[in-house]
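Take a look at the structure set out below.
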Amino acid sequence: MTLVGCASFSPPKGQTSIRDRAQPLSATVTRNALTKLPPPLAPIPAAVYNIKDQTGQYKPSPSNGFSTAVMQGATSVLVKALLDSRWFIPLEREGLQNLLTERKIIRARDSKKDLSNLAAASVIIEGSIIAYDSNVRTGGAGAKYLGIGLSEQYREDQVTVNLRAINVNNGRILQSVTSTKMIFSRQLDSGAFGYIRFKKLLEIESGYSYNEPAQLCVIDAIESALIQLIYEGVVGGTWKLKNPADIDSPIFTHYAGQNGPEGQAIM
């Protein structure tokens, strides 16, 4: 038992755990809601340039001091969320120079090749990860009797995301929303300590820890902000539903208490 409590295990050679294999990213609860949104009157062409990390936070020790606390691929997450929502037609802007270069190569290869004009966006979806707060809530409990004990500790961090929709024609900010997500960490330790004979010591310990992946929480926050952005745009008249009665759908009802400001209709 002492060996079990102190040793770390690895799979035998030739046997790979299912967790070591690449798997599709599990869908969040928010993504399930995002894909079931009521359809719009017409999808809106939208450009996404860059979702910045404005937190200025880095992972605590002993992690690499240059590793950021939040993911740096938020732009890709938002583009995926726009596609899943079926409310927007995301247009390539982050890698626009690569796209233009390929079009030049095609023209140089075949001067008669007629390339259609690049699609223009009606709105620009901007945003950023604006805050990452560590140790928002911490706590724990433990007990020990006759050398046998059990303890538990937990910690909650918080990530905050902002999204806004901008009218390309006049630069007016149509909607701006903010979403937060808690990041939960938990550690459970147990152990036994005692003398079984003179100068014979028995010590057993075991533990378990769980850290909610920060990137999944950022994804969840971005998807939640997008749903809120769509809802507030519908309420404010920025865009329209295919069926106006869908404003009472269960997904929109969840955000009914957060009425957005009046917006400028673009479609």
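Here are some notes:
- Cβ-Cβ under 8 Å pairs, at least 6 apart or on other chains, segment 119-137 side at negative phi and free of Cβ contacts under 8 Å to residues at least 24 places away in the same chain, far side surrounded by 15 or more Cβ atoms within 10 Å (Cβ to Cβ) and of a type in the set (D, E, K, R): R137/R155; R137/E156
- Here N135 meets each of (1) at pLDDT 90 or above; (2) within 20 Å of the chain's Cα centre (by Cα) with one exception, condition (1).
- Cβ pairs under 7 Å, 6+ apart, first in segment 27-42 and under 16 Å from G233 (Cβ atoms), second part of a strand (DSSP E or B) and of a type outside the set (S, T, N, Q): P38/L241; P40/L241; L41/L241
- Subset of segment 229-240 [free of Cβ contacts under 8 Å to residues at least 60 places away in the same chain and outside any loop (DSSP other than H, G, I, E, B)]: Y231, E232, V234, V235
- Candidate set from segment 82-104 (those that are assigned to a strand (DSSP E or B) and aliphatic (A, V, I, L, M)); member that is surrounded by the fewest Cβ atoms within 10 Å (Cβ to Cβ): I89
- Residues in segment 66-73 include at least one that is touching a helix residue (DSSP H, G or I) at 6+ places or on another chain (Cβ under 6 Å), within 18 Å of I183 (Cα to Cα) and in contact (Cβ under 8 Å) with a residue 40 or more places away in the chain.
- Segment 215-236: number of residues that are within 11 Å of the chain's Cα centre (by Cα), surrounded by fewer than 23 Cβ atoms within 10 Å (Cβ to Cβ) and of a type in the set (S, T, N, Q): 1
- The residue that is surrounded by the fewest Cβ atoms within 10 Å (Cβ to Cβ), counting only those in segment 185-214 that are in contact (Cβ under 8 Å) with a residue 12 or more places away in the chain and not in a strand (DSSP E or B), is E212.
- Within segment 118-150, the set of residues being closer than 30 Å to V168 by Cβ and not aliphatic (A, V, I, L, M) comprises S122, E126, G127, S128.
- Qualifying positions in segment 105-139 - surrounded by 10 or more Cβ atoms within 10 Å (Cβ to Cβ) and among the hydroxyl-bearing types (S, T, Y): S122, S128, Y132, S134, T138
The values are calculated or read from the model by the stated rules, or taken from the named source; none is laboratory data. Since we're looking at a predicted model, the values are computed, not measured. No Cβ is skipped: glycine too gets one built from the backbone with ideal geometry, and neighbour counts run over all protein chains shown.
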